[in-house]
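All remarks here apply to the structure that follows.
The values are calculated or read from the model by the stated rules, or taken from the named source; none is laboratory data. Small disclaimer: the values here were computed from a predicted structure and weren't measured. Cβ placement follows ideal geometry from the backbone for every residue including glycine, while neighbour counts extend to all protein chains displayed. Accessible surface is based on the protein model in full, side chains and every heavy atom, while ligands, DNA and RNA are left aside. Shrake-Rupley method; radii C 1.70, N 1.55, O 1.52, S 1.80 Å.
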Amino acid sequence: MSDFDIVIIGAGIAGASLASELAGSAKVLLAEREEFPGYHSTGRSAAFWTESYGGPQVQPLTSASGPWFANPPDYISAQSLLVNRGALTIGKASDKAALKDFYETFAQSVPHIREVGRDMLERHIEGLHTDYQHGVYEPDCCDIDVAAVHQGYLRHARAQGAQLRTRTMLESAKYARGQWHLGLGDETVTAATLINAAGAWADNVAQMASVASLGIMPYRRTVLQLQVAPPVSSDLPLVLDINGKFYFKPENGRLWLSPHDETPVQAGDAAPEEMDIAIAINRLEKTVSWDIMKLEKAWAGLRSFAPDRLPVYGFDRGNPHFYWFAGQGGFGIQTAPAAAKLARMQILGESAGEMTEKVDPDLYAPARFHI
């Protein structure tokens, strides 16, 4: 007999959402190396839900998750987890073709998305430099209450009987005699299924379990909190550069700004680099005529991508008792409800439900790397 039906490595948004989905149907242990779940990625998110973010093959997961965030189960929250923000992807005259291509990519799948001109940009972004002439507007973009989502999932998982152990590292993993033998901290437990929701450490966990790694690479992403003048309006939409050079949004009277950096790093506690901070400020100054009054704080988080930049959900081809739930880049939170439902369906052998009926699981299967 196994100690657990399922052991999940990692208690960020990936592991927490999956534990919440599975705990009522299986005996689940959620193991987290840090003292606080979500320390490296989930807790450092810029916290928005935008259907185009992540590309057209991620969009079905994001769109399927939207109604859940807007009307979450009572055990997660008594109110919506979304606040409308709107998103403007902007560009210069030379970017008109790129913006049109961006719009056409999502015109049939993202409701209300539309191309806009300079008048719309001026209406939403005070002080925008005149060389920005074109944009694509997504009025349905929203801020997400990330803490409420993450804590709601963890609370529900525990209520359903899942055990959460923090400061618990995976030290060893061996599959023998029909079950996993896992060294977790100073003890050994057994499990029928091992789920890899370890984020930046996903390939490390696979290697420890004698499973072929998939090339999931962690990248550093930097965010600054600035005090600007004139004071940032709470009505400012999320503003993204069509060339992926920056994004910014208001947050409690301040501006959150990222240079949209993706620097390959080793898995660990990411910290912002002075160069990335300087680059972010320089790019903002070339975009708007605001005065930067104060850099209040800066932080960095980790996002991890598979080689094709799509998430990896599914049983490993070499070991059908090892489940990948990783490579979720910067869209792990906005896709969490649908991704967790998809994984539950696969792990428990259930049929697709309403949330996942338009999601193609083959897009995210780990077997795609072994064709």
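Among the numbered criteria (1) buried (at least 22 other Cβ atoms within 10 Å of the Cβ); (2) modelled with pLDDT of 95 or more; (3) in contact with a Gly (Cβ under 7 Å, 6 or more places away or on another chain), which single criterion is violated by ARG303?
Condition not satisfied by ARG303: (2).
When both residues are 6+ apart or on different chains and their Cβ atoms are under 8 Å apart, which pairs have a first residue that lies in the range 343-370 and is within 20 Å of LEU214 (Cα to Cα) and open to solvent by 60 Å² or more (accessible area, probe 1.4 Å), and a second that is of a type in the set (D, E, K, R) and in a helix (DSSP H, G or I)?
ASP362/ARG368
For ALA162, are the conditions met, namely being within 30 Å of ASP74 (Cβ to Cβ), surrounded by 19 or more Cβ atoms within 10 Å (Cβ to Cβ) and more than 20 Å from the chain's Cα centre (by Cα)? Spell out the reasoning first.
Numbers: within 30 Å of ASP74 (Cβ to Cβ): yes; surrounded by 19 or more Cβ atoms within 10 Å (Cβ to Cβ): yes; more than 20 Å from the chain's Cα centre (by Cα): yes.
The answer is yes for ALA162.
So if I check each of ALA87, ALA14, which one is in contact with a Pro (Cβ under 7 Å, 6 or more places away or on another chain), in contact (Cβ under 8 Å) with a residue 24 or more places away in the chain and aliphatic (A, V, I, L, M)? Don't jump to the end; show me each part of the working.
Values: ALA14 fails: in contact with a Pro (Cβ under 7 Å, 6 or more places away or on another chain).
The unique qualifying residue is ALA87.
Considering only residues that are under 27 Å from TYR132 (Cβ atoms), out of contact with any Leu (no Cβ under 8 Å at 6 or more places or on another chain) and open to solvent by less than 20 Å² (accessible area, probe 1.4 Å), which ones fall in the range 193-235?
THR222, the sole residue that qualifies.
How about the range 257-283: which of its residues are more than 23 Å from ASN204 (Cβ to Cβ), free of Cβ contacts under 8 Å to residues at least 40 places away in the same chain, among the hydrophobic types (A, V, I, L, M, F, W, C) and open to solvent by less than 70 Å² (accessible area, probe 1.4 Å)?
Result: LEU257, ALA278, ILE279.
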